[in-house]
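Each reported figure results from applying straightforward, stated rules to the coordinates on display, with no laboratory input. Just so it is clear, the structure is predicted and the values come from calculations on it, not from any experiment. Glycine also receives a Cβ, built like all others from the backbone with ideal geometry; neighbour counts cover every protein chain displayed.
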Amino acid sequence: MLVPQDRLVVCPRVMGRDDISVLCVFDGTVGDHAADFCHQHFPRNLVGMPLFASAVAAVDSGDMASAKSSLDKALPQVSPSPAKWRA
C-alpha cells in the first residue's frame with residue numbers, strides 16, 4: 001500500500017512502444033524528498049541509457065539473458081550519482 005511519502009511512476013509507453021513500460025515505486029519511509037527526486041529523474045535517466053536500449057534490442061531478438069544482463073549493468077549506473085541527473 002502506498003503511503004503519502006511514497007511516489008509511483010507508471011510509464012505505459014516507453015520509447016514510443018506499446019510493449020515497453022516502466023513501473024516504479026519509490027519508498028518515502030524517511031520523508032518524501034528522496035522519493036520526489038527519484039520520481040522526477042529516475043525513469044527518464046534509465047530510459048536514456050544506452051544499456052536500456054541494449055536491453056530492449058535483446059528482448060526484441062529473444063535473448064532474455066542479454067536483456068537481464070544489460071539491465072543489471074544499467075541500474076547501478078543510474079542510482080549512485082544523482083548530481084548528473086540535474087544536468
If I fit a long axis through the Cα atoms of helix 33-47 and take the longest principal axis of the Cα atoms of the chain, what angle between them do I get, 0 to 90°, rounded to 10?
10
With Cα atoms, 0 to 90° folded angle of helix 64-78 axis to the chain main axis
40
Which Cα, out of 41, 11, 30, lies furthest along the positive dipole direction of the chain (beta carbon charges, K/R +1, D/E -1)?
41
Per residue of segment 49-55, what does 6.51 cos²θ - 1.76 cosθ + 1.60 with θ = phi - 60° give for ³J(HN,Hα)? Whole Hz please, x for Gly and Pro, Karplus curve as stated.
7, x, 5, 5, 4, 5, 5
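Counting Lys and Arg as +1 and Asp and Glu as -1, each charge on the Cβ, what is the dipole of the chain about the Cα centre in debye, to the nearest 20?
Details: 8 positive and 9 negative charges, 59 e Å.
For the chain, the charge dipole is close to 280 debye.
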Cut-off under 5 Å, modelled amide H: who pairs with residue 22 long-range
11
